[in-house]
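The values are calculated or read from the model by the stated rules, or taken from the named source; none is laboratory data. Small disclaimer: the values here were computed from a predicted structure and weren't measured. Note: accessible area is taken over every heavy atom of the protein model, side chains too, but ligands, DNA and RNA are not part of it. Shrake-Rupley method; radii C 1.70, N 1.55, O 1.52, S 1.80 Å.
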Amino acid sequence: VDDVFEPAEIAGPGFLNFKLRNDFMCEQLRLMLASRDRCAVPTAPSVQRCVVDYSSPNIAKEMHVGHLRSTIIGDTLARRARLR
């Protein structure tokens with residue numbers, strides 16, 4: 001864990017801040033740029049069904065940025081699962 005994260009910081013009651021190390025981020029970016037077609041994502045060893053359930057805003061309430069967040073995270077996970 002020490003080679004990926006800086007030391008964790010306490011940010012108030014019940015909150016921790018985790019920061020990725022700069023050298024780790026630079027290495028990941030270098031790997032992603034070296035294989036632009038897959039962004040350093042390895043091929044899946046076998047095809048499996050993956051169900052991603054995300055973004056179900058309550059239609060009785062007003063939309064807000066929190067709905068977008070879960071939609072973006074869910075869409076990212078679904079796209080990552082499709083990349084084989």
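Our coupling estimate for the range 31-46, obtained by passing each phi through the Karplus curve with A = 6.51, B = -1.76, C = 1.60 and θ = phi - 60°, is 5, 5, 6, 5, 10, 4, 5, 10, 6, 6, 8, x, 6, 6, x, 8 Hz, Gly and Pro reported as x. Taking amide H as placed 1.01 Å from N in the peptide plane, residue 21 has its amide H under 5 Å from the amide H of 5, 6, each at least 5 places away in sequence or on another chain.
Computed with every protein chain present, the accessible area of residue 6 is close to 70 Å² [probe 1.4 Å]. Short-range pairs are left out: with C-alpha atoms under 8 Å and at least six residues apart, the relative contact order of the chain is 19 percent. Per-residue surface analysis assigns residue 83 an accessible area of about 60 Å², computed on protein heavy atoms at 1.4 Å probe radius.
Sorting the Cα pairs of the range 6-84 by distance into bins of 5 Å, from 0 upward, gives 3, 12, 12, 12, 17, 19, 15, 8, 3, 0 percent per bin. Per residue, the chain reaches -12000 deg cm²/dmol at 222 nm when only DSSP H runs of four or more residues are counted, each adding -39500 (n - 2.57).
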